[in-house]
Amino acid sequence: MLGVWLLLWGSVALGGRADTAFLRRAHDSSGHCTYSFTVASPVEAACPEAAGGVPELRAELAALAARLSRLESRERGAGGSGPRGAEPGGARDPQQAAAASRLEAAYGELLRAKCALLQGEGGCPRHRHFGGQQPDTEPPEGGRGRQAVRGLAEPAHAVPGPAAAPRWEPQPLSYQELQSERSEVPVSRLLEETALGRPGKEDSAGCGQLLWVGEPVVFGRADSIAGKYGVWMKDPEPVPPFTRDNTWRVDTVGTEVRQLFQYEEAEQLARGYPAKVHILPRPLESTGAVIYRGGLFFQPRQSRSVARYDLRGESITAEREIPGAGYHGQYPYSWGGYTDIDLAVDETGLWVIYSTEKARGAIVLSKLDPETLEIRRTWETNIRKRGVANSFLICGTLYTVSSYSAPNATINFAYDTATGTSRALSIPFENRFRYLSMLDYNPAERQLFAWDSFNMVTYPVRLSRP
């Protein structure tokens, strides 16, 4: 029974570690009462010396001491010899011997656990074992761990009562802290993994078919009614002194649209303070302008021509009429805005998107020389221009948008100039602000630039492998 008391005393002492250590009682499968304890961390420096600082444990300890004293007295009256009753000459019941053996094993496990907890203080303390064996290692004399284990090894009658319990002094606890992070994942990124959003592998460079368009990211907002519609751009192939960081913007509401705002970077555009304002020699019409190789390409107002404004020389260096092209409201996109002639840039060069009477309102594509604006080649599609909200080119393929105002629109058609064929698509496209008036692709940024009801936004895209 002394072994029972020692095991319980050790459990109580180790369990009395503030509110981060817990003592539990329960019946095991054989009907015995078992005590278990948990501590804050398996790598704590040491266990407390006693439980005297916890009132409820002190009371329970006193009750257990009284009960065990009565049991030991009863055992001695029956001829037993306490924990060492198995010594020669001892008269001991076989069941008691088996119970004592189990208690010795449990006590040994307790001591080994205590030893592991005290490794940080120099090793395992010296203590008395039931069988008289000594531990393999000893701590320096006077160690705190030695006092704690001596308390475990003293006979039951030597265990101090509640009044004599040593002072419990809380020690710093070591915790193993688990940290978690929350990441916000846009729905568009989840769509990338679905058959609708991204059915095949993607390629970070080179040409391929459009597979996915992400959610819009707002870079700036116009602060006047003139910015209800507009166009903003970056040059994918800039010439010195300009760089890819330079950003350009035109607010296109009005009859005399001549101001081209120049920004050193997109962040400056967001703040609304241009580095320079260019005054164009001729007013431009609508939102079809692009920046490419150091020039602004635009449609002069009320004409079927395309002009090039040199950003360094600040003058028009080329102008050419597009034969038969409708203008000033003849063949616009579905949203209107005199978007008859729309310029575009992709990995292959400069394009113009328009329609003619001969094409009966279907989209016509022409490849332009960026220096002379000479038409190199023309394609006639079967996509009605008034039936789509906007269009852009990627790797020689024309893509169209189904609606300029529906929040959940789609990229609905594609025309491949390499094969001269078109196909229907259903790639999700979000009109967050419900009025898309400009949409262009930037091959260097691998993004779509858009103007959506006062807001300048970009869309990331994914392409298939070529």
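Against the condition within 25 Å of G337 (Cα to Cα), at pLDDT 90 or above and crowded, with 20+ Cβ neighbours inside 10 Å, how does V290 come out, does it pass?
Numbers: within 25 Å of G337 (Cα to Cα): yes; at pLDDT 90 or above: yes; crowded, with 20+ Cβ neighbours inside 10 Å: yes.
Yes; evaluated as a whole, the condition is true for this residue.
Let's see how each residue does on (1) within 23 Å of R249 (Cβ to Cβ); (2) open to solvent by 10 Å² or more (accessible area, probe 1.4 Å); (3) small (G, A, S):
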position	(1), (2), (3)
E264	yes, yes, no
G272	yes, yes, yes
Y338	yes, yes, no
S355	no, no, yes
R360	no, yes, no
I'd like the full set of residues that are touching a residue at least 40 places away in the same chain (Cβ under 8 Å), of a type in the set (A, V, I, L, M) and not in a strand (DSSP E or B), limited to segment 345-393.
L373, V388, A389
Where a residue in segment 299-326 is in a loop (DSSP other than H, G, I, E, B) and its partner, wherever it lies, is among the acidic types (D, E) and surrounded by fewer than 20 Cβ atoms within 10 Å (Cβ to Cβ), with Cβ under 6 Å and at least six apart:
R304/E321
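How many residues are open to solvent by 70 Å² or more (accessible area, probe 1.4 Å), within 25 Å of S453 (Cα to Cα) and touching a residue at least 40 places away in the same chain (Cβ under 8 Å) when one looks only at segment 219-243?
Narrowing segment 219-243 to residues open to solvent by 70 Å² or more (accessible area, probe 1.4 Å): 221, 223, 225, 237, 240-241.
Now drop any that are not within 25 Å of S453 (Cα to Cα), which leaves 221, 223, 225.
After this cut, where a residue has to be touching a residue at least 40 places away in the same chain (Cβ under 8 Å) as well, the list is 221, 223.
So the count comes out to 2.
Restricting attention to segment 429-441, does a residue exist that is open to solvent by less than 50 Å² (accessible area, probe 1.4 Å), of a type outside the set (G, A, S) and over 30 Å from E319 (Cβ atoms)? I'd like the intermediate steps shown before the answer.
Going through segment 429-441, the residues open to solvent by less than 50 Å² (accessible area, probe 1.4 Å) turn out to be 429, 431, 436-441.
Those left that are additionally of a type outside the set (G, A, S): 429, 431, 436, 438-441.
Imposing the further condition that a residue be over 30 Å from E319 (Cβ atoms) reduces the set to 429, 431.
Checking segment 429-441: at least one residue is open to solvent by less than 50 Å² (accessible area, probe 1.4 Å), of a type outside the set (G, A, S) and over 30 Å from E319 (Cβ atoms).
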Mind listing whichever residues of segment 423-463 are in a loop (DSSP other than H, G, I, E, B), closer than 23 Å to K228 by Cβ and not polar (S, T, N, Q)?
R432, F433, R434, Y435, F454
Can you find even one residue in segment 407-416 that is on the phi < 0 side of the Ramachandran plot, under 31 Å from the mean Cα position of the chain (by Cα) and of a type in the set (A, V, I, L, M, F, W, C)?
yes
Scan segment 327-342 for residues that are within 25 Å of T247 (Cα to Cα) and either among the aliphatic types (A, V, I, L, M) or without any contact (Cβ under 8 Å) to a residue 12 or more places away in the chain (or both) and report the count.
1
Note on segment 303-314: residues in contact with a Phe, Trp or Tyr (Cβ under 7 Å, 6 or more places away or on another chain) and open to solvent by 10 Å² or more (accessible area, probe 1.4 Å) are S303, R304, R308
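Does V250 satisfy the criteria of being modelled with pLDDT of 95 or more, surrounded by fewer than 17 Cβ atoms within 10 Å (Cβ to Cβ) and part of a strand (DSSP E or B)?
Details: modelled with pLDDT of 95 or more: yes; surrounded by fewer than 17 Cβ atoms within 10 Å (Cβ to Cβ): no; part of a strand (DSSP E or B): yes.
No; evaluated as a whole, the condition is false for this residue.
The values are calculated or read from the model by the stated rules, or taken from the named source; none is laboratory data. Computed from a predicted model, the values in this text were never measured in an experiment. Don't worry about glycine lacking a Cβ; one is built from the backbone with ideal geometry, like all the others, and counts go over all protein chains shown. We work out accessible area using only protein heavy atoms, side chains counted, and drop any ligands, DNA or RNA first. Shrake-Rupley method; radii C 1.70, N 1.55, O 1.52, S 1.80 Å.
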